[in-house]
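These notes are about the structure you will find just below.
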Amino acid sequence: MIHATAIIDPSARLDDTVEVGPYSVIGAGVEIGPGTVVGPHVVIVGPCRIGSDNRIFQFASVGEAPQDLKYNGELTSLEIGDRNVIREYVTLNRGTAGGNHKTVIGSDNLFMAYSHIAHDCIIGNHCIFSNGASLAGHVEVGNYATLGGFTLVHQFSSIGTQSFCGMATVVNMDVPPYSTAAGNRARVVGINKVGLQRKGFSPELIRALHKSFRELLKSRVSREDALANLQPLCEQYAEVEEFVNFVKNSKRGIAS
């Protein structure tokens with residue numbers, strides 16, 4: 001299961017079912033769960049914990065030190081869940097002492113070639129990072145979010161659940177859940193209608209989210225009045241409440 005040319009540090013802990021391809025290097029402090037396949041020419045640096053049934057393709061760099069000038073070799077880590085697909089030349093960095101001390105990636109995500117996750121990011125589940133999509137440090141991405149090719153996200157920004165960023169979007173503020181953003185600099189252009197339909201959201205819920213988008217981000221009424229107007233929908237739909245709370249609590253502001 002482990003190719004003769006692979007270099008595995010004696011302290012690394014690999015399940016007996018893990019496969020490691022030719023010329024891959026797995027360092028000290030790495031833990032890899034059952035069924036994970038590490039392709040050829042992959043470098044994994046610890047402390048790093050990788051779950052079950054992940055597929056890591058050739059030339060990926062996983063768990064390397066953060067690209068942060070404030071980093072001075074502190075003990076930080078990378079945590080990866082289960083069933084992720086990490087394609088060629090993907091780079092996933094550890095955390096920093098100035099953040100959470102760790103970068104956290106959930107399960108069932110797809111990281112296409114050349115995508116980059118910087119230090120202290122928190123990624124949910126079922127996300128898609130298209131080719132070249134890159135996160136700066138301290139970015140949070142919710143479940144089922146999709147980042148189009150070459151999307152760039154500024155540090156400390158948040159991308160909400162079920163949101164979609166178009167190709168080459170430059171995100172320097174927050175993108176609310178269930179919405180679509182596009183452009184340089186990014187603007188939230190509406191609700192992610194197609195994506196929500198594909199996920200089985202009802203027409204009524206999509207209309208409620210669209211009304212919330214118009215009321216909070218496009219109308220001329222005050223924020224207080226908009227929140228009051230949307231209270232009945234918040235009580236009816238948890239997704240509307242999530243959208244409203246995200247906008248209300250945004251620290252960087254909404255890219256609208």
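Among the criteria (1) free of Cβ contacts under 8 Å to residues at least 40 places away in the same chain; (2) part of a loop (DSSP other than H, G, I, E, B), the one Leu92 does not fulfil is (2).
Any residue at all in the stretch 22-35 that is surrounded by 16 or more Cβ atoms within 10 Å (Cβ to Cβ) and within 22 Å of Gly132 (Cβ to Cβ)? The answer is no; no qualifying residue exists. Cβ separations smaller than 6 Å between residues 6+ apart or across chains give the following pairs from the stretch 51-65 residues that are buried (at least 22 other Cβ atoms within 10 Å of the Cβ) to residues that are of a type in the set (Ser, Thr, Tyr): Asn54/Thr36. Pairs meeting the criteria (first residue in the stretch 20-34 and aromatic (Phe, Trp, Tyr), second residue part of a loop (DSSP other than H, G, I, E, B), beta carbons under 7 Å, at least 6 apart or on different chains) are Tyr23/Thr5; Tyr23/Ala6; Tyr23/Pro40; Tyr23/His41. With respect to (1) free of Cβ contacts under 8 Å to residues at least 24 places away in the same chain; (2) in a helix (DSSP H, G or I), the lone exception for Asn131 is condition (2).
No value in this document is a laboratory result; all are computed from the given coordinates. None of these values were measured; they are calculated from a predicted model. Cβ: placed from backbone, ideal geometry, glycine included. Neighbour counts: every protein chain shown.
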